[in-house]
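> What follows is a structure written as C-alpha cells; I'll ask about it next.
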Amino acid sequence: MSVRGISHVTFVVADLERTARLLCEGLGAREVYDSAGREHSLSREKFFVLGDAWLVAMEGAPLAERSYRHVAFAVDGADLPRYRQRLQALGVEILPGRGRIEGEGASLYFHDHDNHLFELHAGTLDERLAAYAFADAVRVIARAD
C-alpha cells in the first residue's frame, strides 16, 4: 500500500471564467469539464489538465490574504519569458523572484486574482539538493578560513 502521487489540486475562485483564461491562455491548460448547473460538489467547478496535472477551479470566496503557500509547475527555463508575457497580458501580478543560489533553477512567481501563489520552476529536486549541498559545503569552508 502506498500513495502514488497527487490526484488533483483544487483552487477556490471568485470568477471561474477569469481563472479558466489564466489556466488556458496563460499556462496552456486544457479545460475538460464544466459542471454548469450540474453541481456534483460544493459549487460550480471546472476541471483542467495542465501537463500531467488535474486542476480544479471551484466557485467560492477567494483567499482573504496572500502567503508563500504555492503550487509550482515544472517548465523549461527558456519558456519563462514567454510565460511572463502571456501572464502579464492577462493582468496577473508577476512577483520579483526570491533570492536564489546558483544551480537551483530559475522561477517565475505570480498571484492570480484570488490570492493564490503559483510558481513556474525550471529545475528538478535533484538539482536543488545538489545546489544546496554545494552551498552548504562552501559555507563550511568559508567558516574554516
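> Find me the longest stretch of the chain that has none of the exposed GluC sites (Glu not before Pro), where exposed means in a DSSP loop (not H, G, I, E or B) with at most 10 other Cβ atoms within 10 Å.
1-64
> Based on Cα positions only, what radius of gyration and what Dmax would you give for segment 67-140, in angstroms?
13.7, 45
> Farthest toward the dipole's positive end in segment 65-109, which of Q88, Y68, A78, given Cβ charges of +1 (Lys, Arg) and -1 (Asp, Glu) about the Cα centre?
Of the listed residues, the answer is Q88.
> Sorted from largest down, what three extents in whole angstroms do the Cα atoms of the chain have along their principal axes?
68, 45, 30
> So what is the accessible area of segment 26-145 per residue, in Å², with the probe set to 1.4 Å?
Heavy-atom SASA per residue in segment 26-145 reads 61 Å².
> Another one. Could you pull out the chymotrypsin sites (Phe, Trp or Tyr not before Pro) across segment 17-98 that fall in loop regions by DSSP (anything but H, G, I, E, B) with no more than 11 other Cβ atoms inside 10 Å? The partial results should precede the final answer.
Details: sites: Y33, F47, F48, W54, Y68, F73, Y83; in loops: Y68.
Passing sites in segment 17-98 are Y68.
> Would you compute, from DSSP H runs of 4+ residues alone, the mean residue ellipticity of the chain at 222 nm, taking -39500 (n - 2.57) per run and dividing by the full residue count, rounded to the nearest 500? All intermediate terms of the calculation are to be shown ahead of the outcome.
On the way: 3 runs with 36 residues, N = 145.
That comes out to -7500 deg cm²/dmol.
> Show the residues, 5+ positions off or on another chain, whose built amide H is closer than 5 Å to the amide H of W54.
V9
> Let me ask another. What do you get for the angle between helix 80-89 and the principal long axis of the chain? Use alpha-carbon atoms, 0 to 90 degrees, nearest ten.
40
> Which value, in debye to the nearest 20, gives the size of the charge dipole of segment 10-145 about its Cα centre, when Lys and Arg are +1 and Asp and Glu are -1 at the Cβ?
180
The values are calculated or read from the model by the stated rules, or taken from the named source; none is laboratory data. Note that the structure is predicted; figures quoted are calculated from it, not measured. Virtual Cβ from ideal backbone geometry, glycine too; neighbours counted across all protein chains shown. These accessible areas exclude ligands, DNA and RNA; they are computed on the full protein's heavy atoms, side chains included. Shrake-Rupley method; radii C 1.70, N 1.55, O 1.52, S 1.80 Å.
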